[in-house]
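Q: This is the structure, below, for whatever I ask next.
The values are calculated or read from the model by the stated rules, or taken from the named source; none is laboratory data. Model, not experiment: these values are computed from the prediction. Positions of Cβ are backbone-derived with ideal geometry, glycine not excepted, and every protein chain shown enters the neighbour counts. For accessibility, only protein heavy atoms count, side chains too; no ligands or nucleic acids. Shrake-Rupley method; radii C 1.70, N 1.55, O 1.52, S 1.80 Å.
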Amino acid sequence: MNILISAVGGQGAVLASRILGKMAQNSGLDVKVSEVHGMSQRGGSVVTYVRFGEKIHSPIIEKGTADIILAFEMLEGARYVEWLKPGGTLITSSQRIDPMPVITGAAEYPEDLEERFQALPIHYKIIDALTFAKEAGNQKTVNVVLIGALAAITNIEEEKWRTAIKEAVQEKLVGINLKAFELGYENSKSMKTNRKNNEI
C-alpha cells in the first residue's frame, strides 16, 4: 500500500504518518515512512510517503503509483494528484488554506478543484474534516479525522487503528483523537465521492 500525505505545515502530517506506520507495524507488515518535502514554518507545503506491505525496499513513491492520497487541504490534494495511480483514491478535507501567492494577491485560489478531480481516472472523497475536528474538541485533530475516513475504506480492522492512535499521541490527548477518528470513520460514507465500491 502506497499512501502519500499532503498538507500545509502545522496540520499534523507527521503525526498522521506515525499513526499509519504504527498500524502497519502492529499488523506485522514492513513499513517505510519518509518526509520528502516540507517546510518547518506554518503555511508551507508538506509531503510524506508511507509504504507498507510484506517487504518494502524503498520509501519513495513514484508519480502514478500511489494507491491513496490523504490531503489535509483541497489545493494540496490537487498539487500531488498526479502521484495517484489510475483508479487510485484521493481523500481530501474540504478545508481551504490560502497559500502565500494567494495571500499576497499574486495568484487566485482555484475554484474548480472538484471538477478537476472528476475529470481524472481516479476515485475521490471530500470530507469536512475541520467541522468534525471541532466537534471532537480540537480543530488540530483534522489529521486524525482523515485517518478515520481512510480506515473506513480499507479492510484493516478498526481496532488496529485505535491501538495505533493510542500509541502515537500523548496520553492526555487520546480521548479527543479517538473521537476525531470515530467521526471520520462514521462519516466516510456520507462524503462526496465518485467511488462505486466503498472498500479498497
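Q: What residues of the stretch 117-142 lie in the reach of a label at Lys166, counting those whose backbone N is under 18 Å from a point 7 Å from the Cα along Cα→Cβ?
A: none
Q: Working out 0.36 nm times the residue gap between Asp98 and Ile60, then minus their Cα-Cα distance, what length gain in nm do you get to one decimal?
A: Difference between extended and current length: 10.9 nm.
Q: Separate question: For the chain, set up a Gaussian network in which alpha carbons nearer than 10 Å are linked by springs, and say which option among Gly105, Gly12, Gly175 fluctuates the most.
A: Of the options given, Gly105 has the highest mean-square fluctuation.
Q: Please provide three numbers in whole Å: the alpha-carbon extents of the chain along the principal axes, with the largest listed first.
A: 47, 36, 34
Q: Could you pull out every residue, at least 5 positions away or on a different chain, whose amide H is within less than 5 Å of the one on Tyr124? Hs are placed 1.01 Å off N in the peptide plane, and Pro or chain starts have none.
A: Amide H neighbours of Tyr124: Leu90, Asn194, Arg195.
Q: Then there's this: Pull up the DSSP beta bridges for the chain and report the antiparallel fraction as a percent, rounded to 5.
A: Percent antiparallel among DSSP bridges in the chain is about 55.
Q: Still on this model: Out of Asn155, Asn26, Asn187, any idea which swings most in a Gaussian network model of the chain, alpha carbons joined below 10 Å?
A: In this elastic network of the chain, the residue with the biggest mean-square fluctuation among Asn155, Asn26, Asn187 is Asn155.
Q: Follow-up. Got a number for carbon plus sulfur as a percent of the chain's accessible area, 1.4 Å probe?
A: Carbon and sulfur: 48 percent of the exposed surface of the chain.
Q: Another question about this same structure. So what is the accessible area of the stretch 68-200 per residue, in Å², with the probe set to 1.4 Å?
A: For the stretch 68-200, the per-residue accessible area is 49 Å².
Q: Okay, moving on. Between Gln25 and Glu108, what is the label-to-label distance in nm when each label sits 7 Å out along the Cα-to-Cβ direction?
A: 4.8
Q: Relative contact order for the stretch 77-200: what percent, with Cα pairs under 8 Å and sequence separation of 6 or more?
A: This gives 29 percent for the stretch 77-200.
Q: Please name which of Gly10, Ala119, Pro59 has its Cα lying farthest along the dipole of the chain towards the positive end, using unit charges on Cβ (Lys, Arg +1; Asp, Glu -1) and the Cα centre as origin.
A: The Cα lying farthest towards the positive end belongs to Pro59.
Q: Which value in nm describes the separation of the simple spin-label points at Ser34 and Glu135, placed 7 Å from the Cα toward the beta carbon?
A: The modelled label-to-label distance comes out at 3.8 nm.
Q: Using Cα springs under 10 Å in a Gaussian network model of the chain, which residue among Met100, Met74, Met23 shows the largest mean-square fluctuation?
A: Of Met100, Met74, Met23, the most mobile in the Gaussian network model is Met100.
Q: Sticking with this structure for a sec: For the stretch 166-180, take each phi angle, set θ = phi - 60°, evaluate the Karplus expression 6.51 cos²θ - 1.76 cosθ + 1.60, and give the result in whole Hz per residue in order, putting x for glycine and proline.
A: Karplus-based 3J(HN,Hα) across the stretch 166-180 equals 4, 7, 8, 9, 4, 3, 5, 9, 4, x, 4, 5, 5, 5, 4 Hz.
Q: Another one. Bin width 5 Å, origin at 0, all Cα-Cα pairs of the stretch 129-171: what percent of pairs per bin?
A: Computed distribution, short to long bins: 5, 23, 26, 26, 17, 3.
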